[in-house]
Amino acid sequence: MNLPALVLCAGLGTRLQPLSLVRAKPALPVAGTPLITRILRWLESAGVSRVVVNLHHRADSITRLVGDGSRHGLKVRYSWEAEILGSAGGPARAIPLLEADRFLIVNGDMITNVDLNALAAAHVDTNALVTMAVIDGRDGYNGVIADHRGIVSGFGTAPGASHFIGVQVVNASVFAGVDVRTKSETVHGIYPSLIAGRPEAIRVFHSNADYFDIGSVPDYLSTAMAIAGRERVPLDRGRDGKVAATAVLTDTILWDRVSIGAGARLTQCVVADDVVVPAGAEFSRASLVMRENRIVATPF
């Protein structure tokens, strides 16, 4: 794999709030390993050696984990966005750092094992400008409409639409006219225009790969539970925390420096950094964060 990769990590993670107010979404722990670390390991295993990560929200939570990439066998550079530039503006701004005519774009909020080398080969074979990795359609979200040849005609909900999993190979020329000073999008922006000008510009790459989306708190918890079960590891218990012997935790994730008091009962909760759960407290299906020295529980 001689393609560099751009990992999109600049988003606010709005659907994951309040957790994403504490850490950027790619920095969330998943069964003992941060999401961004899982993505970088997967890229390295496919032969990727150069990565650019775009940053905006809670950038420090990502850079602490990634550094210069050497711990993952990669060379990592950062594309800083003072204002979020979107799924088209972000790549356009990162192109000088990528230093390639063709590159991977990977969303920073998912886990997959799609074959990147096969994806890259398909992109070259079809002479496409964009090749999007898809799986069988789910609920219409991230829907891609393509014919039997894999040529994309549009996006949205439709019978037989496939589900885009946030992994694609693109030619740098696709972003040639994008203003890097303002926000712009791909699927809901430049891609429809690309299709209008060249009907065979965008193709799909069908895959049976595993795919886990971490778009919302329920998605995050269910993904963490699935990965923990598959890898036979416990759900995250964080670092430097204290859990009373009589506390009962069921399907619950703890981040760092968490304190759980005696007799507390937590069921299907995510407890963010530095939260102190008092003795006897009970929470179910809630995100717990600290605000002004008090615990704030947000149901999900």
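Structure notes:
- Paramagnetic label zone (point 7 Å from Cα along Cα-to-C-beta, SER216; backbone N under 17 Å) in segment 9-43: 13-20
- Derived scalar couplings ³J(HN,Hα) [segment 281-295; Karplus, 6.51 cos²θ - 1.76 cosθ + 1.60; whole Hz; x for Gly, Pro]: 5, 10, 9, 9, 6, 9, 8, 10, 10, 9, 9, 6, 6, 9, 7
- Diffusion constant of segment 134-242 at 20 °C, which comes from Stokes-Einstein with the Kirkwood Cα-pair radius and 1.002 mPa s, µm²/s: 130 µm²/s
- Helical content of the chain, expressed as a calculated mean residue ellipticity at 222 nm, amounts to -6500 deg cm²/dmol (DSSP H runs of 4 or more residues, -39,500 (n - 2.57) each, divided by residue number, nearest 500).
- Reachable aspartates and glutamates, given that their alpha-carbon falls under 18 Å from the alpha-carbon of LYS242 and they are not under 8 places away in the same chain: ASP251, ASP256, ASP273, ASP274, GLU282
- Positive-end residue of ALA245, SER287, ALA209, charge dipole of the chain with Cβ unit charges: ALA245
- Mean Cα-pair separation over length for the chain, i.e. relative contact order, pairs under 8 Å, 6 or more apart, %: 17 percent
- Reach of LYS183 by Cα under 18 Å, taken over aspartates and glutamates that are not fewer than 8 positions away in the same chain: GLU81, GLU83
- Compared with the dominant Cα axis of the chain, that is its longest principal axis, helix 86-98 is turned about 70°.
- Local charge for GLY229 was computed over the other residues whose Cβ lies under 14 Å away, with Lys and Arg +1 and Asp and Glu -1, and equals -2.
- Partners of LYS75 within straight-line reach, counting lysines whose Cα lies under 24 Å from its Cα and excluding those fewer than 8 residues away in the same chain: LYS25.
- Taking every alpha-carbon pair within segment 5-213, the share separated by more than 28 Å comes to 23 percent.
Any read-out appearing in this document is the output of simple, stated calculations on the displayed coordinates, not a laboratory observation. Every value quoted in this text rests on a predicted model; they were computed, and no experiment measured them. Glycine gets a Cβ as well: all are built from the backbone with ideal geometry, and neighbour counts include every protein chain shown.
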